[in-house]
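As structure tokens, the structure follows; a few thoughts come after it.
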Amino acid sequence: MIVAPSVLSMDYSNMLEQTKELNASKAEWMHFDVMDGHFVPNLTFGPDILKGFKKISDLYMDVHLMVSDPVFFADVFLKAGADHITFHEESFDHLNEEDKVKAIKDLAKHVRSLGKTVGLSIKPNTDVACVKQYLHDFDLFLVMSVEPGFGGQSFMENSLDKISCISKWVKEEGLDTWIQVDGGINGETCKLVKEAGANVVVAGSYVFKQDIAKAVDSLA
Ligand code: DX5
Ligand code: ZN
């Protein structure tokens with residue numbers, strides 16, 4: 001299981017120390033939640049914070065865009081050093097179905113053309129069926145197990161069926177796509193999502209509210 005600690009839950013009065021603990025742990029990715037205060041009712045980090053983390057960590061920078069304009073912000077964070085960009089299927093809801101599918105495929109193609117990996121995320125209320133048409137366009141699918149916007153929420157069990165669906169479709173296509181789960185992940189829920197077919201977990205409060213290395217090890 002790849003573990004991607006979410007820096008949203010970091011102690012910002014102790015960032016360097018906690019990043020060093022992350023670097024020394026079994027964590028392979030750093031999950032970087034970008035929120036614009038519009039797509040979700042919260043506001044987080046800009047590209048300069050990402051550049052700061054790049055100076056003190058070699059972890060794979062997994063940027064999760066919870067923004068209304070992922071086309072603009074994908075380039076902003078790629079320039080700042082993102083290794084991976086995940087954006088939300090719902091951020092194109094203002095388009096008609098045909099234009100939406102084209103915009104999503106175009107953005108995925110753009111990120112990949114820069115040699116970076118790309119992911120598509122769906123919120124808890126979004127039907128997993130929408131993912132099927134993108135199986136070959138993305139390196140990762142992110143199933144949100146909480147409503148995006150805040151750390152520390154409880155895991156939503158209805159994400160398990162979605163994970164199993166995507167895992168089945170990916171296997172049928174012979175793909176080795178990452179299936180990532182984000183929200184309310186702890187020692188218990190991690191086992192559930194792994195059984196359902198997830199191979200990457202994001203964990204914020206579970207990792208940063210206790211001994212970091214021990215928490216990461218319990219998920220790896
Ligand atoms: C929520 C973010 C998550 C969050 C996870 O919108 O996308 O990455 O930081 O935090 P926990 O693990 O505490 O639910
Ligand atoms: Zn996230």
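Quick look at the values:
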{"item": "Contour excess over end-to-end distance, with Cα ends at Glu172 and Asn125 and 0.36 nm allotted per residue", "result": "14.4 nm"}
{"item": "Selected from Val181, Val207, Val71 as most flexible by GNM, with the chain as the system and alpha-carbon contacts under 10 Å", "result": "Val71"}
{"item": "Cα-based shape type of the chain, given that a ≥ b ≥ c are square roots of the gyration tensor eigenvalues and the cut on a/c is 1.5", "result": "oblate"}
{"item": "Solvent exposure of the stretch 128-220 as accessible area per residue, Å², 1.4 Å probe", "result": "43 Å²"}
{"item": "The stretch 114-220: GluC sites (Glu not before Pro) in DSSP loop, at most 15 other beta carbons within 10 Å", "result": "Glu157, Glu173"}
{"item": "Theoretical gain in end-to-end length, Tyr60 to Asp93 [0.36 nm per residue, Cα-Cα removed]", "result": "9.0 nm"}
{"item": "Sulfur and carbon atoms: percent of accessible area, the stretch 9-82 [1.4 Å]", "result": "57 percent"}
{"item": "Relative contact order (percent, whole number), the chain, Cα cutoff 8 Å, 6+ residue spacing", "result": "23 percent"}
{"item": "Rounded if a/c under 1.5, otherwise prolate or oblate - the stretch 29-117, Cα gyration tensor axes", "result": "oblate"}
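The values are calculated or read from the model by the stated rules, or taken from the named source; none is laboratory data. Just so you know, these numbers come straight off a predicted model, no measurement behind them. Cβ atoms come from the backbone with ideal geometry, glycine included; neighbour counts cover every protein chain shown. Quick note on the areas: whole protein, heavy atoms, side chains included, nothing else; ligands and nucleic acids left out. Shrake-Rupley method; radii C 1.70, N 1.55, O 1.52, S 1.80 Å.
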